Amino acid sequence: MANKIRTLVAALVVPFALGAGGASAARPNPVNYEYVSVCALELQGVAGVISSSTFSGKNAAANKDGLLSKVYGADQKVSQSKPLEAEGLLYQIADKANDLANQGKLSGADASNIVAASTLPGDAMTCVMNQQ
């Protein structure tokens, strides 16, 4: 029993001690998301707007990746027949873009483009809402 516990602890602790267990080691950068829902093209459009936006600050890459992961999450929710949750994620994207603009980490123009792409009357939100 003690040997099993030691083995388990070693298996969990050693990768972190060597730096292999960090979040950056687990995900490639940049992340390539595969969109699969019926709204894939529309959601890829939102991702394209986010990808072409210029983020600033020490967390610029994390902020961009966070928004892109929400777009991917919306795609997954649509494919799981949970359009209301996908709609919520799209609104979170718009809110975060506005927050980043207010903090000076995203230009007002880029934030406006992200908001327009992720909310009504944008194609992505229209598609998601049509799945209800």
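The values are calculated or read from the model by the stated rules, or taken from the named source; none is laboratory data. As the structure is a prediction and not an experimental result, all values here were calculated from the model. As a convention, Cβ positions derive from the backbone with ideal geometry for all residues, glycine included, and neighbour counts pool all protein chains shown.
Among the residues making up the range 108-126, those that are more than 16 Å from Gln92 (Cβ to Cβ) and out of contact with any Gly (no Cβ under 7 Å at 6 or more places or on another chain) are Gly108, Ala109, Asp110, Ser112, Asn113, Pro121, Thr126.
When the range 41-97 is filtered for residues that are over 13 Å from Val128 (Cβ atoms) and outside any helix (DSSP H, G or I), the ones remaining, listed by number, are Ser53, Thr54, Phe55, Ser56, Gly57, Lys58, Asn59.
Of the residues examined, Asn113 is not one that is at pLDDT below 95 and either touching a Phe, Trp or Tyr at 6+ places or on another chain (Cβ under 8 Å) or not in a loop (DSSP other than H, G, I, E, B) (or both). Scanning the range 56-82 for residues being surrounded by fewer than 20 Cβ atoms within 10 Å (Cβ to Cβ) and either at pLDDT below 95 or over 13 Å from the mean Cα position of the chain (by Cα) (or both) gives a total of 9.
Any chance you could count how many residues in the range 41-66 are of a type in the set (Gly, Ala, Ser) and under 12 Å from Ala116 (Cα atoms)?
Going residue by residue through the range 41-66, those that are of a type in the set (Gly, Ala, Ser) are 45, 47-48, 51-53, 56-57, 60-62, 66.
Subset that is under 12 Å from Ala116 (Cα atoms): 45.
Qualifying residue count, the range 41-66: 1.
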